[in-house]
Amino acid sequence: MSVTRIGEFRAAEGEGSTLADFLVAVRSAILGSEGAISCEVLRDRAERDRFLVIERWQSIEAHQASVRNIPPEMLKTAMALFAEAPKGGYFDDADAFVFVLPEYNHGFPASIKNAMDYLSHEWADKPLGFVSYGGVSGSTRAVQLLKPVAAALGLVVAGEVNIPFFAQYRQDAAFTPPESFTDSANLMLNRIAKVGATLKAGRKELVAA
Ligand SMILES: Cc1cc2nc3c(=O)[nH]c(=O)nc-3n(C[C@H](O)[C@H](O)[C@H](O)COP(=O)(O)O)c2cc1C
């Protein structure tokens, strides 16, 4: 199991570019550290003095060990660039996924395929459910076309709910489906929970091996 660390940094006045350079240099150091999987430095488009650093680590301990390895003089330089104390937290990876999707011209939306392609091991050995909505087909064709993509990424399809002519259940902003759909959704979620628990145990064994 890996863990994601998200840090938020705000540059002191006039220090935005220097902080950007500093964080990019830190990124290289992070990527060379034991247990680091990935690191991205993002700069807010609207608030140019705001940065996010998104790091993935094999464990919290690996991240903490890397922080202890930062030379004190480097930390001192960094503190002078911040407008306020940096904020950060650890976030667990998702253990299961439900994709909610429509269908366009008998195919899946390109945005879903793009999202699936963008990640890789994050999907592996985790359960996936589909909630599809659309016209007469309830977007079942889009779901069928996505199943081989899901399999290629190691996702395990654990159920689906297909909602044809979904617009008849929508009034203003409220969506009120018949009970049969809610029942199917609950069945699917229960199955995802059960399959997910088995897969999670298996992932732990794989890491320990
Ligand atoms: C260009 C276009 C093609 C569509 N093709 C299908 C289709 O092949 N099968 C289907 O069930 N629904 C189809 N729909 C309906 C959509 O799946 C969806 O229900 C509808 O666009 C509302 O969802 P949205 O606001 O998320 O797009 C189509 C809609 C559009 C705009």
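Throughout, read-outs are computed from the coordinates displayed, never taken from laboratory work. The shown structure was predicted, so the numbers you read here are calculated from the model rather than taken from an experiment. Note: ideal-geometry Cβ built from the backbone for every residue, glycine included; neighbour counts use all protein chains shown.
Computed values, structure above
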item: Nearest-20 debye value, the chain charge dipole, Cβ charges on Lys, Arg, Asp, Glu; result: 380 debye
item: Mean residue ellipticity (222 nm) of the chain, computed from DSSP H runs ≥ 4 via -39,500 (n - 2.57), nearest 500; result: -13500 deg cm²/dmol
item: Distant-in-sequence amide H partners of Val100 (H built 1.01 Å from N, under 5 Å); result: Val131
item: Fraction in percent of alpha-carbon pairs per bin - 10 Å, region 17-154; result: 10, 30, 24, 20, 13, 3, 0
item: Inter-site label distance for Val149 and Tyr118 at 7 Å from Cα along Cβ, in nm; result: 1.3 nm
item: Pair-distance profile P(r), taking every C-alpha pair of region 143-209, with 10 angstrom steps and integer %; result: 17, 33, 30, 14, 5, 0
item: Residues in region 68-85 that a label on Glu34 would reach, taking backbone N under 18 Å of a point 7 Å out along Cα→Cβ; result: 68-71
item: 5 angstrom amide H check on Ala158, placed H, neighbours 5+ away; result: Leu128, Gly129
item: Contour excess over end-to-end distance, with Cα ends at Asp95 and Gln58 and 0.36 nm allotted per residue; result: 11.8 nm
item: Peptides 187-195, 78-86 ordered by average Cβ neighbours within 10 Å, highest first; result: 187-195, 78-86
item: Inter-label distance for Lys194 and Arg48, nm, one decimal - labels placed 7 Å from Cα along Cα-to-Cβ; result: 5.7 nm
item: C-alpha center-to-center spacing [region 37-102, region 147-194] in angstrom; result: 34 Å
item: Partner lysines for Lys87 [C-alpha distance under 18 Å; skip if fewer than 8 residues away on the same chain]; result: Lys76
item: Cβ crowding within 10 Å averaged over residues, with 135-141, 51-57, 90-96 ranked highest first; result: 51-57, 135-141, 90-96
item: Efficiency of FRET from Cβ geometry, Glu205 and Ala173, R₀ 45 Å, rounded to 0.05; result: 0.50
item: Nonlocal amide H pairs with Ala83, under 5 Å, H built at 1.01 Å; result: Arg10, Ala11, Ala12
item: Ascending count of other beta-carbon atoms within 10 Å, so fewest first, for Ser180, Ser33; result: Ser180, Ser33
